Amino acid sequence: MSAVVELNDRVSGANAIAQDLVRRARIAQEAFANADQARVDEAVRAVAWSLYQPEHARELAELAVEDTGLGNVPDKIIKKQRKTFGTLRDLLRVKSVGEIERDDKRGIVKFAKPMGVVGAITPSTNPGATPVNKAMMAIKGRNAVIIAPSPLGYRTTALTVEYMREALGKIGLPKDLVQILPSPVTKDTTQAIMEAVDLVVVTGSQDNVRRAYSSGTPAIGVGAGNVPVIIDETADLTSAAQKICASKIFDNATSCSSENSVVIVSSVYDAAIEALKKAGGYLVDDAQKARVQGELWKNGKLNRHLIARDMPVLAEGFELPPEAAASKFLLVEETGIGKAFPLSGEKLALVLTVYRAPDFKAAKETVRKILDFQGRGHSMGLHTTNMARARELAEDLPVVRVLINFAHTFGNGGGFDSGLEFTLTMGCGSWQKNSISENLNYKHFLNITHLVVPIPEDKPSEEELFGPHWARYGK
């Protein structure tokens, strides 16, 4: 068989799989499209409970770690329940059926309509939490959803989807509102789904993000993280260190919102390092640093045997002493930024890169350089008591989110003390060629009809609009 014939057969088979899934999804979605708000919210609650209930959360967390080797079971349980609970809170507080907004002054009333069938591409780092998070948002908009999971986490996602389908069936709704690509998931079947649905939402590899945006289907993709945070000379060092530690070690740093670098103002550098060590950090020396860098990257790529692993695994892989194995995370001092200095990038591991800056101005520029290398558009943080600096960063730096005095992972994707929407999908704006510059939320799963009625004429005079130009430059 020639390569061309083999390729055509493969693509044809993938298209057939996709078309069958989409056909079933459309039948289910059409049956759900006219549901009222109470029925929609009942469905969202059912899907949320299918993951939130303790026995399911634990079972899926254990399966995820067993299959992928990424993260740890206790934190995955927390993540599944926390993200699901927070997202449910957000969704139950908003309308997504019928009239959702009215502006009498402008004579506009907005009505929400379904988008249809959503293709949700999900990653190996969150094979249970992300599918449910996206399904909840899709169903809030009266859509059906087809999950295209990472092959590495397939068993976990498949069981997650089965639990969601059972929950929908239990309340009398079509199970095919949620489906999953059959195993084995391939690039061909994922591509076929992207091309067949009405909206693609991608969390995961940048290759899938690029493929989604070129699929011909409206798409929402996200960018890579590489979160830098600043500790300035006004910060509460103990609090900052404890928050950074809690965020960095959560689920073994699998989150794109996990701190990857901390930039410390020189006048408090030594004290901040001590606070970080007291919080659980182990500061490596130069020889150890060389081993960390050499082992964490192999042939220019992150070593899959060391990312998102427990500290004893890292300590063994990096040939570090028992004190390192007993610590919570590693501190590695660095001065360089860019391709020649991989520690300045995202690590997906319990390794935090540390920079010293002479003052706040220099710290801001260090963060800018880090973001220009990797993570531009995503987010950054600041530990401070000087709120003017918070505004300065928000005005000057190319990121969607600037978090102040947060454990970054717990605020960036939504938190109970953060006003950001709960999500597992972080838009990074045009800085990373994303179509959204906010947290993915229910609004992205809605079509909006605008009812427009006449209002009193709102037409200013020529003088009002052109007057300043005429006065300065003449007619």
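The values are calculated or read from the model by the stated rules, or taken from the named source; none is laboratory data. Small disclaimer: the values here were computed from a predicted structure and weren't measured. Note that each Cβ is placed from the backbone with ideal geometry, even for glycine, and that neighbours are counted across all protein chains shown.
Exactly one residue out of 93, 89, 82, 106 is among the basic types (Lys, Arg), surrounded by 15 or more Cβ atoms within 10 Å (Cβ to Cβ), out of contact with any strand residue (DSSP E or B) (no Cβ under 6 Å at 6 or more places or on another chain) and modelled with pLDDT of 95 or more: that is 82.
Hey, can you tell me all the residues within the range 366-383 that are in contact with a strand residue (DSSP E or B) (Cβ under 7 Å, 6 or more places away or on another chain) and not in a helix (DSSP H, G or I)? If you could, list the steps in order and put the result at the bottom.
Within the range 366-383, the subset in contact with a strand residue (DSSP E or B) (Cβ under 7 Å, 6 or more places away or on another chain) is 366-367, 370-371, 373, 375, 377-383.
Across the range 366-383, the qualifying residues are 375, 377, 378, 379, 380, 381, 382, 383.
Yes or no, residue by residue, for (1) of a type in the set (A, V, I, L, M); (2) under 30 Å from residue 398 (Cα atoms); (3) surrounded by 11 or more Cβ atoms within 10 Å (Cβ to Cβ):
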residue	(1), (2), (3)
431	no, yes, yes
444	no, yes, yes
463	no, no, no
467	no, no, yes
470	no, no, yes
475	no, no, no
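Of all residues in the range 31-63, those satisfying the criterion of being farther than 13 Å from residue 141 by Cβ, of a type in the set (Gly, Ala, Ser) and surrounded by fewer than 17 Cβ atoms within 10 Å (Cβ to Cβ) are 31, 38. Of the helices (runs of 4 or more DSSP H) contained entirely in the range 209-318, those carrying at least 3 residues that are buried (at least 22 other Cβ atoms within 10 Å of the Cβ) and not basic (Lys, Arg) fall at 237-249, 269-279. Kindly check whether there is at least one residue in the range 277-291 that is among the charged types (D, E, K, R) and either in contact with a Cys (Cβ under 7 Å, 6 or more places away or on another chain) or closer than 22 Å to residue 348 by Cβ (or both). Yes, some residue in the range 277-291 is among the charged types (D, E, K, R) and either in contact with a Cys (Cβ under 7 Å, 6 or more places away or on another chain) or closer than 22 Å to residue 348 by Cβ (or both).
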